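Heads up, the thing below is written out as structure tokens.
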Amino acid sequence: MRIWQAFGLKPHLTKTFKLSTNPAFVDKVHDIVGLYLNPPDRALVLCVDEKSQIQALN
């Protein structure tokens, strides 16, 4: 919960939310939020949403 508060995340306001079990999750969130809040000069920051519920069929 502290990580949510630290970054202003409010997953309870969405229909679905899945917290990552990745041990490096906090570090990755810090890196991504840092790019948005303080991007390098001449940087392009893109966000891609994974659709984990969609499975490829043979």
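The values are calculated or read from the model by the stated rules, or taken from the named source; none is laboratory data. These figures come from a predicted structure and were not determined experimentally. Note: ideal-geometry Cβ built from the backbone for every residue, glycine included; neighbour counts use all protein chains shown.
Looking only at residues in segment 1-33 that are among the basic types (Lys, Arg) and outside any helix (DSSP H, G or I), the one that is surrounded by the most Cβ atoms within 10 Å (Cβ to Cβ) is LYS10. Annotation note: of LEU19, LEU46, LEU9, the sole residue that is modelled with pLDDT of 80 or more and out of contact with any strand residue (DSSP E or B) (no Cβ under 7 Å at 6 or more places or on another chain) is LEU9.
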